[in-house]
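Reading through the structure tokens given below for one structure.
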Amino acid sequence: MAAASAGLGFGCARALAREGVRVALCGRRPDRVDAAVAALRGEGGDAVGLVADVSDAEGCGAFVADAVEALGGVDILVTNAGGPPAGTFASTDLAAYPHALGLNLLSTVAMCKAAVPAMAARGWGRVVAITSMTVRQPSPTLILSNTARAGATAFLKTLATEVAPRGVTVNSVQPGLHATDRLAQLYGDDLPAAAAGVPTGQVGDPADFGDAVAFLCSEQARFITGTAVLIDGGAHPGLM
């Protein structure tokens, strides 16, 4: 479970641990990784903490390799990474694009390259990538994230078709606003203001988000692949 010391990543790690999955989670800060592992173990989960930076291909490959060593193999891969800076076409320099693509596109590709071949060889595997609802409706002020995550979604759809005959499912989840540290930075304690445009009238709970991801990783979800699942409280107004 990449980038899982807090927020949506931790919600996914917690949900998987509760289902009996032995989880290897990573983050860049050792103190936060240790705290996340302690929290999961305190709830009876089996977790291993790894310090890794998944913002580039080298860090992604190292994370998967370390997870394989710690666990003896990886059957479930949940990819995740922070977002690049906000900006519009006019305000964003061309030089900013390579880092954004590395963070939100190539990181997913690299982790899949490191983990999926072994899943396919064993005949069973689950890949779930955390992207964003802005893949469906690009935000006018998040051009870097829009571009990179749309590319990741196309990569995952292509990969899903290729590995489906070998027992590996590949899906993405597209979160809307959830009660994470990032949202708190933007809105402070005013979550009702954050939820103003959400039809359910509230922002999402990372625990619920994690449960949805855990289902996609389950045996029961074996017929769900190549999908991009919105988890946004109905905020996206489109049909598709």
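The values are calculated or read from the model by the stated rules, or taken from the named source; none is laboratory data. From a predicted model like this one, the values you see are computed outputs, not experimental measurements. Here Cβ is always computed from backbone atoms with ideal geometry, including for glycine, and neighbour counts include all displayed protein chains.
Does any residue of the stretch 177-184 turn out to be hydrophobic (A, V, I, L, M, F, W, C), at pLDDT 95 or above and in contact with a Leu (Cβ under 9 Å, 6 or more places away or on another chain)?
Within the stretch 177-184, none of the residues are hydrophobic (A, V, I, L, M, F, W, C), at pLDDT 95 or above and in contact with a Leu (Cβ under 9 Å, 6 or more places away or on another chain).
Scan 29, 14, 41 and give me the residue that is closer than 21 Å to residue 180 by Cα, among the basic types (Lys, Arg) and without any contact (Cβ under 8 Å) to a residue 40 or more places away in the chain. Steps first, answer last, please.
Numbers: 14 fails: without any contact (Cβ under 8 Å) to a residue 40 or more places away in the chain; 41 fails: closer than 21 Å to residue 180 by Cα.
None of the other options fit; the residue is 29.
So, restricting to helices (runs of 4 or more DSSP H) that lie completely within the stretch 81-190, which ones have at least 1 residues that are of a type in the set (Phe, Trp, Tyr) and over 15 Å from the mean Cα position of the chain (by Cα)? Show your work before the answer.
Numbers: elements: 97-101, 107-122, 143-163, 181-187.
The helices (runs of 4 or more DSSP H) meeting that bar are 97-101, 181-187.
With surrounded by fewer than 21 Cβ atoms within 10 Å (Cβ to Cβ), of a type outside the set (S, T, N, Q), out of contact with any Lys or Arg (no Cβ under 8 Å at 6 or more places or on another chain) and closer than 18 Å to residue 140 by Cβ as the only criterion, which of 117, 85 stands out?
Numbers: 117 fails: closer than 18 Å to residue 140 by Cβ.
After applying the criteria, what remains is 85.
Which one of the conditions (1) surrounded by fewer than 19 Cβ atoms within 10 Å (Cβ to Cβ); (2) in a loop (DSSP other than H, G, I, E, B); (3) touching a Gly at 6+ places or on another chain (Cβ under 8 Å) does residue 233 fail to meet, given that it meets all the rest?
The one condition residue 233 does not meet is (1).
Here are some residues: 41, 14. Which one is surrounded by fewer than 24 Cβ atoms within 10 Å (Cβ to Cβ) and either part of a helix (DSSP H, G or I) or under 16 Å from the mean Cα position of the chain (by Cα) (or both)?
Details: 14 fails: surrounded by fewer than 24 Cβ atoms within 10 Å (Cβ to Cβ).
Going through 41, 14 in turn, the sole match is 41.
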